[in-house]
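Shown next, in structure tokens, is the structure this report addresses.
Values quoted throughout were computed directly from the atomic coordinates according to the rules given, and no laboratory measurement underlies them. From a predicted model like this one, the values you see are computed outputs, not experimental measurements. Positions of Cβ are backbone-derived with ideal geometry, glycine not excepted, and every protein chain shown enters the neighbour counts.
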Amino acid sequence: MAETQTKTIVVTRFDPDRDEAPRQQRYEVPVEPDWKILDALNYIKDEVDPTLSHRWSCRMAVCGSCGMNVNGEPKLTCKDPVTGYGDVIEVAPLANFPVIRDLVTEMEGFMERLQKVKPFILRAKELAVEAGPTRQSPAELDDYRQFSMCINCMLCYAACPVVANEPDFLGPAAIALGHRYNLDTRDQGQGERNEIFRDDGGIFSCSFANECSRVCPKHVDPAGAIQQAKLRNVIDWVTGLVRRREEGVR
Amino acid sequence: MRRMLLVLEPVIWLLFSAGMMVGGLLLPAWALVMGVAGPLGIAPAATSYDHVYALASHPLGRLVLLAAIALPLWGGAHHLRHVWLDFGGLRSDGLVGTLCYGVALLGSLAAIVAVARL
Amino acid sequence: MSHARPRVDAMKSARPGPTRTAPPRPPDGFPGARASAVGAVPPGREKLRSYLAFGFGGFFLMSVSLLVLRAVWALGNGEAAWSRVQASLQNPIYVIFHALAFVWLSWFVLRLFRLFPATQPRRIGPLRRPPDAVLVGGLSAAFVGVTLALAAILSGALG
């Protein structure tokens, strides 16, 4: 049976009140064989250095709080076993995000991008209650279901070269979620969302590196969503050229 | 310039997608036969004016050649513009994009003339 | 061209928080990113190299199609012009270039086909998207078939 092992965790530290720039600090941690990276970080905070700051919550890969770069790869630290690594493990804040402190990144930029795509059912005309429930077949649900699985962990943003180079880019998760609503039969906001998608930093900034889909812990496949969205957008754009604009939500 | 490119983006993307497909399907064979086998003497017919002219001047041949020249130009232009962006070239994106697509446009127009005059 | 570095305003928000933030770092897999303190090579590095090579395929797409254009233009100018083009293609640099283009573009299109299924909708009306293996296999087989057919036609073995 595997025993406790000592691993060196190299953690990026940054205190805006004290540090000019982020630095690295090494901790010797006695890891249990069933530990995840998050367990090691919690050990550091609880037993070694209470000044360490990191986000976490559910410990079961559904809340999306604990995303970090581990040995250069964006991971959910609550899901990532320590046994997958050697004696030295490097834990850094998610790439591509400004860092507030230690392993805690500034999420506000993501929230703004998410809001831009209007990730909710948009109706041109609300149905009357008397019309009864809106029915959706299993096949219609299946169309968008995969893209609805996003937990907003932002690992995809940390992996994306376009996020790194183009500050206005909506990013993988926001586009995948916008596309999820475009595919929903209850939604009538495709025209409005497609205009946002065509804007600066929209879907056509994506160059299909596919890194987002590779690192996504929920197999949302945002890269697939974005490429599908491009084709739908072009079709919408062409038909929009010949169609008269209607007032309100199209 | 970047604003102009933004407006044209859906069309450019469509041409780029078609260009990748058509270019990827047709150009490897061309490169192998016309660029390697022919010049090395392995496929002498590929260097023969009469043989190639007969193929090219056929209506189907003209169409295939037009597609094989014009579409990959857009595919390549879009790729190169994005490689430039990948290496941090956002500030000059308007200029670089216009240059890349400009070459694609000129090449496409030249292709139309080239196959028409055969 | 600079090494890949995120712009200092990557993922910047319109409403900055109350404290000073450290600037964003690039994805560790991206060429030019800082070396790991522990010597780890992130899996992203190989994938992003492949992605950049794919993007650079654009150079071969453009240059080969421009060479096709040159050949077709010479065809229109007559046999003498065509012979001049053929003579220039004998240059070893051109031969190596075309050989490299053949390899690079073949890899390019096969990678494109491998990524293709995810870009398609799951269904169009009652028609479901075929399984990925079927799509990729079919497209790759089409590439081999078209390449062989074209090669045969151009070299005079067919048609």
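Inside 10 Å of the C-beta atoms of B:44-54, what's the mean count of C-beta atoms belonging to other chains?
What the average comes to for B:44-54 is 5.
Convert each backbone phi in segment B:85-94 into a coupling constant with the Karplus relation 6.51 cos²θ - 1.76 cosθ + 1.60 (shift: θ = phi - 60°), then list the ³J(HN,Hα) values in order as whole Hz, x for Gly and Pro.
These are the phi-based 3J(HN,Hα) values: 5, 4, 9, x, x, 4, 4, 9, 4, x Hz.
Nearest 5 is fine: what % of DSSP beta bridges in segment A:5-105 come out antiparallel, could you say? Spell out each step's value before the answer.
Details: 18 of 22 bridges.
Expressed as a percentage, antiparallel bridges in segment A:5-105 total about 80.
Rounded to whole Å and sorted largest first, list the principal axis extents of the Cα atoms in segment C:77-137.
Cα spread of segment C:77-137 along its principal axes, largest to smallest: 57, 25, 15 Å.
Please average, across the residues of B:64-77, the number of beta carbons from any other chain that are within 10 Å of each residue's own beta carbon, and give a whole number. The partial results should precede the final answer.
Working: counts 2, 5, 2, 1, 6, 10, 2, 2, 11, 8, 4, 7, 12, 3.
Other-chain Cβ atoms within 10 Å of each residue's Cβ, averaged: 5.
Rank the residues A:H54, B:H79 as a footprinting-exposure proxy: fewest other Cβ atoms within 10 Å of their Cβ go first.
A:H54, B:H79
Which order, highest average first, do C:37-47, A:132-142 follow once you tally other Cβ atoms within 10 Å for each residue and take the mean per peptide?
Details: C:37-47: 16.9, A:132-142: 10.5.
Highest to lowest by the protection proxy: C:37-47, A:132-142.
When the distances between all Cα atoms of the protein assembly as shown are binned every 20 Å from zero, what whole-number percent does each bin get?
20, 46, 28, 6, 0
So who's got an amide H within less than 5 Å of the one on A:T105, skipping anything under 5 residues away but keeping other chains? H placed 1.01 Å off N, in plane.
A:I100
Net charge around C:A71, counting only other residues with Cβ within less than 15 Å of its Cβ (Lys, Arg = +1; Asp, Glu = -1)?
Spelling it out: positives minus negatives among the neighbours equals +2.
In degrees, nearest 10, range 0 to 90: what is the angle between the Cα axis of helix B:2-32 and the longest Cα principal axis of chain B?
For B:2-32 against chain B, the angle is about 30 degrees.
Remind me, relative contact order of chain A in percent, using alpha carbon pairs under 8 angstrom and six or more residues apart?
The normalised contact order for chain A reaches 17 percent.
On C-alpha positions alone, give me the angle between the axis of helix C:43-77 and the longest principal axis of chain C, in degrees, nearest 10.
30 degrees
In whole Å, what are the Cα extents of chain B along the three principal axes, biggest one first?
The Cα atoms of chain B stretch 49, 28, 19 Å along their principal axes.
I need the phi-derived Karplus couplings for segment B:103-111: 6.51 cos²θ - 1.76 cosθ + 1.60, θ = phi - 60°, integer Hz, Gly and Pro marked x.
4, 4, 5, 4, x, 5, 5, 4, 5
In percent, how large is the relative contact order of chain C, given Cα pairs closer than 8 Å and 6 or more residues apart?
After rounding, I find 12 percent.
Quick one: Karplus J couplings for segment C:102-116, per residue in order, coefficients 6.51, -1.76, 1.60, θ = phi - 60°, nearest Hz, x for Gly and Pro?
4, 5, 4, 5, 5, 4, 4, 6, 5, 5, 4, 5, 5, 8, 4
With the contact rule set at Cα under 8 Å and sequence spacing of 6 or more, what percent relative contact order holds for chain B?
36 percent
Just order B:45-51, A:24-30 by mean Cβ neighbour count inside 10 Å, highest at the front, would you?
Final packing ranking: B:45-51, A:24-30.
P(r) for segment C:1-97, please, calculated from all Cα pair distances in 5 Å bins and given in %.
In whole percents, the pair-distance histogram is 2, 10, 12, 13, 11, 9, 9, 8, 7, 7, 6, 4, 2, 1, 0.
Magnitude of the Cβ-charge dipole of chain A, K/R +1 and D/E -1, about the Cα centre, nearest 20 debye?
For this selection, approximately 940 debye.
Once whole DSSP H runs in chain A are found, which of them have Cα atoms spread over 24 Å or more along the helix axis and a mean Kyte-Doolittle score of at least -0.5? Please list the in-between numbers first.
On the way: long enough: A:222-242 (30 Å, 0.39).
Result, helices passing both filters: A:222-242.
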